[in-house]
Amino acid sequence: MKIHLKSISLITFFSIMTSFVSAQDAKEIVRKAEEKFNGEKSSYSEMSMTIVRPKYQRNIEFKSWSESEGDALTLITAPAKEKGQSFLKSGNNMWTWNPSIQRLVKMPPSMLSQGWMGSDYSNDDILKESSLVKDYSHKITGKEPIDGITCYKIELIPLKETSVIWGKIIIWISEKDYLQLKIEYYDEDNLLVKTHKSSKIMTFDNRNLPSVMEILPANEPGNKTVVTIKAIKFNIKIEPDFFSQQNMKKIK
Amino acid sequence: MKEIIKIAWKNVWRNKKRSVTVVVAVILGISAGIFACGVMQGWVEQRIDAVIYIENGRIKLYNPDFLNNEEINNVIPNKEAVEHFLNKETVIKAFSERVKLMAMATTSRGSTSLMLQGINIDDEKKVSKLYTCLLQGTYFEEETSRPVLISDKTAEQLRIKNYVLTTEILDSLENTASIPNTVIASLRSIENIRFESENKMKKEISSLLDRKDVSKYGFDVLKMSEQYRLRSKIVFTFTDKQGELVNQIYKVCGVYKTANIMYDQSNAFVLKSDLSTIAGLNEGEIHETGIILRENANEENVQSAIKKAFPELSVLTWKELSPDASLVSEYMSIYLFIFVGIILFALAFGIINTMLMAILERTKELGMLMAIGMNRKRVFSMIMLETVFLTMAGAVAGMLAGWLLIQVTGMTGLNFSSFVDGFEAMGWAAIVYPTIDLFFFFGITVLVIVTGVLSSIIPARKALSLNPVEAIRMNN
């Protein structure tokens, strides 16, 4: 009898241990995946964004500089109508410079959750991006291939007292490169709200990164936003006063 | 004179058919007029009641800068002294202090901007009747951390209001038998499926049912399927005292709906203690004080008293805060009299016509009366009294009918919900409880007599212009 009890407690001990280990792993995997994009000292990228709506489609091109501290500067380069508009993210705040009216505007809270440049990307997404590691509890629920690449399927449940609007997030991270290939966002009733999908892995600046990202809102069929990376460079040299309001106006 | 009155009264009823026609016309006109006035007055009173007891209170205090710019730093200066003053003033029944912040509300499916009001429940309940306007949930009674009370409209914008035909709803519909079973059977295919906007539900219903059923039952089914997801999370984003953006998560504890959509979609309520801490305000820093006075107090007097004691504050009465409502309330009685006046003006033509007919018919008789010595003054007053009697008979019955109609509908309420969106967008209730001042009936009586007298002038002149000798010989 005694032996029996012992073996049970041993088994439970091991199962607790293994789940503990896998929880650690899950968090680690998400952290590594986050670092793929945000972990470098600085980066410069050129991208194009296509906003697809049932009745029309439009294309925007932009350049973007960012720094590991979280500061970022984005400049629109096409189409001609929007060319020269720039966005500065510094800490928790965001400013926008519009050359056609010669005005610098600090984005009020009311504008933050509107889509950025009319896309399915909300400004809020951009500001709060870095909390996938800190604000959630992580669990590996299995392995699944996405476009033929084996991925960890990780479930993220928001911790209490964090200002996360999602009920849960499921994220597919590739086993080999730690790339986030698919993210599904669910509301509190566990219904799908939107999906982020990444594909077409290419080599930029000596590392493999997905070059196309799609955002698909779940309940608006026919709507999507596609972001294509054209060029990306890491650890470039950025002047200390680069992320400033003065620079927003003169950057080219 | 007494004789004349008697003769006039008898004359009215000589041609019963004709008189009754006029009397009925007057009854209809007056009762419809009074009823319409009752509806208008009921409406205005409800609006003013809402303005005072839900939206504004009788008087509100602000930092003057807050009215120009709703910034977190524009708090009421010298708050302890103000509080002390308000507590001492006997005509002040209650007051509630609020923290107000412009905030962005976000859920996983929607976002909107709102005025977030931090309130102290006990004080607020004495000042605002909003707690009586709950559709679902409670007024901060549940023990949850950081509750928020939002409106039906906000719930719609944040997609917290959903449309689901649950098995329970469909079963209960089947049992009540108000909707045919075939319709319910076809609705079963969307059983328990959640739609997040009214449009999507509408589209689904109209694709499942045929046209006739949609127009017959569609609205009811839609209303039945409305559901609020209580306890769902909303993230509020606003600038704190240091000018930094902060996010805070709240859980929906209740959903309210007033008659004013404009008010609804821009106001959400949270506990003052929750909001102050995160915004970096200390206990004494508030943006607004809403004040309710005792029944018979004069708000202008109180206003000037507060102004005198605290010249640095903006002291505004509800009339200044909602000029639209105060304007309507001031001119209401004039509107009502103009309205009844127009009805009576139209009726006057009918009365003149009837009286002219009567004169024409009685030409011979009038000639005889004049020939045997009835003087002009008496003839005139006889015809005038006849007209007034005719009008008054209808008016009295009409007023009685109108009053009864108002009493009945005042209890049941008149439902204008089919045009509800239009009315409520302007802040006027969709269900009206007509009411009327008794004073109004005196005004109408005077108006009716004036109408009677004025419309008797033409027939009376016609009678006076008769030549007795010719009139006697007239054959009719």
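The values are calculated or read from the model by the stated rules, or taken from the named source; none is laboratory data. Remember, predicted model here, so these are calculated numbers, not experimental data. With ideal geometry, Cβ positions are generated from the backbone for all residues, glycine too; neighbour counts draw on all protein chains shown.
Just a few scattered comments:
- In the condition set (1) in contact (Cβ under 8 Å) with a residue 40 or more places away in the chain; (2) closer than 25 Å to A:N93 by Cα; (3) within 14 Å of chain A (Cβ to nearest Cβ), B:L245 is compliant with all but (1).
- Flag if B:S178 is part of a loop (DSSP other than H, G, I, E, B) and under 35 Å from the mean Cα position of the chain (by Cα): yes
- When B:E124, B:E142, B:E97, B:E156 are checked against the criterion of being acidic (D, E) and surrounded by fewer than 20 Cβ atoms within 10 Å (Cβ to Cβ), a single residue qualifies: B:E142.
- Counting the residues of segment A:68-87 that are within 14 Å of chain B (Cβ to nearest Cβ) and either of a type in the set (K, R) or buried (at least 17 other Cβ atoms within 10 Å of the Cβ) (or both) gives 0.
- Residues of segment A:48-83 satisfying the condition of being at pLDDT 85 or above and polar (S, T, N, Q): A:S48, A:T50, A:Q57, A:N59, A:S64, A:T74, A:T77
- The listed residue being in contact with a strand residue (DSSP E or B) (Cβ under 8 Å, 6 or more places away or on another chain), part of a helix (DSSP H, G or I) and polar (S, T, N, Q), out of B:S207, B:S276: B:S276
- Filtering B:V214, B:V221 for residues that are more than 23 Å from B:S273 (Cβ to Cβ) and buried (at least 19 other Cβ atoms within 10 Å of the Cβ) leaves a single hit, B:V221.
- Residue count for segment A:156-215 satisfying the condition of being in contact with a Cys (Cβ under 7 Å, 6 or more places away or on another chain) and either acidic (D, E) or within 14 Å of another protein chain (Cβ to nearest Cβ) (or both): 1.
- Residue in segment B:47-69 that is modelled with pLDDT under 85, surrounded by fewer than 19 Cβ atoms within 10 Å (Cβ to Cβ) and either at negative phi or hydrophobic (A, V, I, L, M, F, W, C) (or both) present: yes
- Which listed residue is basic (K, R), within 9 Å of another protein chain (Cβ to nearest Cβ) and in contact (Cβ under 8 Å) with a residue 12 or more places away in the chain, from B:K257, B:K233: B:K233
- Residue in segment B:305-313 that is surrounded by 15 or more Cβ atoms within 10 Å (Cβ to Cβ), more than 30 Å from B:K272 (Cβ to Cβ) and β-branched (V, I, T) present: no
- Any chance B:V75 is β-branched (V, I, T), within 18 Å of B:K272 (Cβ to Cβ) and either out of contact with any Phe, Trp or Tyr (no Cβ under 9 Å at 6 or more places or on another chain) or surrounded by fewer than 23 Cβ atoms within 10 Å (Cβ to Cβ) (or both): yes
- Entry remark, segment B:169-197: residues being surrounded by 14 or more Cβ atoms within 10 Å (Cβ to Cβ), in contact (Cβ under 8 Å) with a residue 40 or more places away in the chain and away from chain A (no Cβ under 14 Å) number 3 in total.
- Any hit, segment A:29-47, residues being within 14 Å of another protein chain (Cβ to nearest Cβ) and modelled with pLDDT under 80: no
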